[in-house]
Structures are given as structure tokens and as C-alpha cells.
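Asker: There's a structure below that I have some questions on.
The values are calculated or read from the model by the stated rules, or taken from the named source; none is laboratory data. Keep in mind the model is a prediction, meaning the values are calculated, not measured. Every residue, glycine as well, gets a Cβ built from its backbone with ideal geometry; the counts of neighbours run over all protein chains shown. Areas reflect the complete protein model, heavy atoms only, side chains present, ligands, DNA and RNA absent. Shrake-Rupley method; radii C 1.70, N 1.55, O 1.52, S 1.80 Å.
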Amino acid sequence: MDKGSALVRLPYWDKLSESEKKYVSEHAVIRSYRKGEVVHGYGGACLGTALVLSGRMRAFILSEDGREITLFRPLEGESCVLSASCVIQRITFDTHMVAETDCELLVIGSAAFDKLVEENIYVKCFLYEVATERFSEVMWTMQQILFLKIDRRLAMFLSEECDRSGKSEVRMTHEQIAVQIGSAREVVARMLKRFELDGFVKLGRGVVKVKDKERLKRI
């Protein structure tokens, strides 16, 4: 996608003055990432803000023992401001972000976006609206991990993935699913085996085929 077509997809584009549009255009770049490539984190520079033009990303935090806990997954058409805590100075925890599929992003550097926030009330409102939405997603994730049993979390994840893709299978390894729902691979493997014995799913190499989504959703 060319930069001109990408810029008009910014939610606040119509609220910018002509000089602000020119400024954003000068400081915005389109970046492409391959599946699995690091977008932000691991001690890298501040990315700024990103609009997902295509593909899907995954934001997560790392525990002290190296376990990943998925926080949220920005999809095509969604913006992400938590990809850089330096954009919102009161955010003190480090998040990491990787491309879950091949991705194309429209990125505005943190300094340029900070200038927009200071000068345009619509951009400032956009910033805090997106931050609030992401915070809600993080709290929902934490609530699932703390209060939902593993069978419910796994059933919910498989159902949502099927709804998202429109297919009756989830092409992920046990390890990848464990990362997504904040559990251990061994626990996920045991629960998937139980689901298979109950007739909910059929397990294959790197794939979980959902046989009875309605029963799975009732969990």
C-alpha cells in the first residue's frame, strides 16, 4: 500500500490541519515485517505509534523465567500506542510485540506523534481512547489467567480462533497455544487430549481440528 492511501486510514486524519497532514506525511513510514519478526521490545528503540495496514501482531510481557503472557493482538485497521511506552510516559511496564502473521504497518515516530498530541486535541483524545481500549484488553487477559480454569480458557481461545479465521481448525503447536493463553505446554497438551477424548477436537501435527464447536463453546 502506498503511503498516501495509508495515511487517510488514520482515525484522526480528517481532524488534522493541512500543515499537520504534511507534518505527519513527512514523519510517517510504512514498514513490513515477516511472521515471527520482532516489531518492538527486547531493548530496541521506541517504535512510536502504529496502524496495522495488513496482518496481525501480538503484544506480550515476559516473566522472570522467560514465559510469555499474551496481552492483546492488534488486527488489520487497528492502532497500537502501547507498542512504545515512551509515547505515554506513565506506562512503566515493558511490552514486546511480534508479527503473528506477515504485517504491514504505518508507523509514526514517537517524537512526531508527541508533537501532534500536544497541538491537536483530537489526536490526544484518540491516544487515550486507544490506550483505554488496550488497558481493558490487558485486564480481561489477566482476569482470564487469574480466575478462569484452563479448560474454559482453552475452549474460549479455540472458539475465538475459529470465529476469527472462519475455519474449523487452529494451526498452532501446543507451545504456541500455551503462549496465547498464558499456560504451560504440558498443561495445554493434557487438556487438548481430554478434549479429543470427549470428541470436541481432533489433534494433528501442528493443528487442532475443532469437531464440535457448539459443545466447546458451552464449556
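Asker: Among the residues of the stretch 117-171, which ones are of a type in the set (Asp, Glu) and under 18 Å from the mean Cα position of the chain (by Cα)?
Answerer: Glu129, Glu133, Glu137, Glu160, Glu161, Asp163
Asker: Please find, within the stretch 188-198, the residue that is farthest from Arg67 (Cα to Cα) out of those that are open to solvent by less than 90 Å² (accessible area, probe 1.4 Å) and modelled with pLDDT of 90 or more.
Answerer: Glu196
Asker: Here's something else I'd like to know. Based on what the data block shows, is Glu133 open to solvent by 20 Å² or more (accessible area, probe 1.4 Å) and in contact with a Ser or Thr (Cβ under 8 Å, 6 or more places away or on another chain)?
Answerer: On the way: open to solvent by 20 Å² or more (accessible area, probe 1.4 Å): yes; in contact with a Ser or Thr (Cβ under 8 Å, 6 or more places away or on another chain): no.
The answer is no for Glu133.
Asker: Mind listing whichever residues of the stretch 102-130 are touching a Gly at 6+ places or on another chain (Cβ under 7 Å) and open to solvent by 20 Å² or more (accessible area, probe 1.4 Å)?
Answerer: Across the stretch 102-130, the qualifying residues are Asp102, Glu104, Gly109, Ser110.
Asker: Tell me, please, whether a residue that is modelled with pLDDT under 85 and in a strand (DSSP E or B) can be found in the stretch 54-61. Break it down stepwise before answering.
Answerer: Going through the stretch 54-61, the residues modelled with pLDDT under 85 turn out to be 61.
When the remaining residues are screened for being in a strand (DSSP E or B), the result is 61.
Yes, because at least one residue in the stretch 54-61 is modelled with pLDDT under 85 and in a strand (DSSP E or B).
Asker: Taking the stretch 128-173 on its own, how many of its residues are polar (S, T, N, Q) and in contact (Cβ under 8 Å) with a residue 12 or more places away in the chain?
Answerer: Number satisfying all stated conditions: 5.
Asker: Here are Leu53, Leu47: which of them is of a type in the set (A, V, I, L, M, F, W, C), open to solvent by less than 70 Å² (accessible area, probe 1.4 Å) and touching a helix residue (DSSP H, G or I) at 6+ places or on another chain (Cβ under 7 Å)?
Answerer: Selected residue: Leu53, the only one of Leu53, Leu47 that is of a type in the set (A, V, I, L, M, F, W, C), open to solvent by less than 70 Å² (accessible area, probe 1.4 Å) and touching a helix residue (DSSP H, G or I) at 6+ places or on another chain (Cβ under 7 Å).
Asker: I would also like to ask the following. Given the criteria in contact (Cβ under 8 Å) with a residue 40 or more places away in the chain, under 30 Å from Gly204 (Cβ atoms) and of a type outside the set (S, T, N, Q), does Ile108 qualify?
Answerer: no
Asker: Moving on to the next point. Suppose the filter is farther than 21 Å from Pro74 by Cβ, free of Cβ contacts under 8 Å to residues at least 24 places away in the same chain, among the charged types (D, E, K, R) and out of contact with any Leu (no Cβ under 8 Å at 6 or more places or on another chain); does Arg190 pass it?
Answerer: When the stated conditions are applied, Arg190 passes them.
Asker: Looking at the stretch 6-35, which of its residues are surrounded by 11 or more Cβ atoms within 10 Å (Cβ to Cβ) and of a type in the set (Gly, Ala, Ser)?
Answerer: Scanning the stretch 6-35 gives Ala6, Ser25, Ala28, Ser32.
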